[in-house]
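These notes concern the structure reproduced below.
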Amino acid sequence: MIEFLSGMLAVEKGGVTLYEKALNDLMDEDLREQLDEFLEQTRRHVELCEEMLERAGGSAAESTPTAEAAEAKASGLMSVEVPREMTDFNNIQNLVLAETVDNWNWDRLSEMSKMVKDRELRSAIGRAVREVARQERRHVDWNTRTLAEIARQMLTSHEAKSDGEEMREEA
Ligand SMILES: [Fe+2]
Ligand SMILES: [Fe+2]
């Protein structure tokens, strides 16, 4: 359980840095409000994970192999560089990946909590899952939909550009 929670914490912390990066680099201002809201929620998830981890007898200060793997993945995503016009696409795609793991973790935690013997820990997990589960589903859904929309816009503008080039060649 400690190992699992430390991994979850690392994924949530990675989420915070990925939202901060998406907001820092943001090109489409229409996305800002939603990303801001999800960043705030993710910061809260970090707190919840730290609390659960401590209640389970672990410590946010100590690392575990699961946490280190999650950290390495997040920094891998952070380190990818793309051309300017791909900025939002790349950052939202990173969020789809991170949120898919995040959402899966919370589902898993909810499952695992049934086997937790410590009553206090079990009820702390129950409370956290109730607070977070719906948010996590929104995080995945919104980022996935937004990524598809950005991809569609990129394709349309790419087609418009190549149509323009064809017309110039014909003239
Ligand atoms: Fe989260
Ligand atoms: Fe999330």
Completion exercise
Per the filter on region 76-131, residues out of contact with any helix residue (DSSP H, G or I) (no Cβ under 6 Å at 6 or more places or on another chain), away from ligand 1 (no atom under 16 Å from the Cβ) and farther than 30 Å from Thr156 by Cα are Glu111, Met112, Lys114, Met115, Lys117, Asp118, Arg119, Glu120, Ser123, Gly126
Exercise for the section: Name the single residue, out of those in region 96-111 being open to solvent by 20 Å² or more (accessible area, probe 1.4 Å) and of a type in the set (S, T, N, Q), that is farthest from ligand 2 (Cβ to nearest atom). Expected result: Ser110
Practice task
Could you tell me whether Arg130 is among the basic types (Lys, Arg), surrounded by 13 or more Cβ atoms within 10 Å (Cβ to Cβ), free of Cβ contacts under 8 Å to residues at least 40 places away in the same chain and part of a helix (DSSP H, G or I)?
Solution key: no
Problem - Subset of region 6-34 (residues that are without any contact (Cβ under 8 Å) to a residue 60 or more places away in the chain and crowded, with 22+ Cβ neighbours inside 10 Å) - result: Leu9
Exercise for the section: Taking the residues in region 62-95 that are among the charged types (D, E, K, R) and in contact (Cβ under 8 Å) with a residue 60 or more places away in the chain as candidates, determine which candidate is most open to solvent (accessible area, probe 1.4 Å). Expected result: Glu85
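The values are calculated or read from the model by the stated rules, or taken from the named source; none is laboratory data. Everything numeric here is computed off the predicted structure, so don't read it as measured data. Here Cβ is always computed from backbone atoms with ideal geometry, including for glycine, and neighbour counts include all displayed protein chains. Surface accessibility is based on the protein's heavy atoms, side chains included, excluding ligands, DNA and RNA. Shrake-Rupley method; radii C 1.70, N 1.55, O 1.52, S 1.80 Å.
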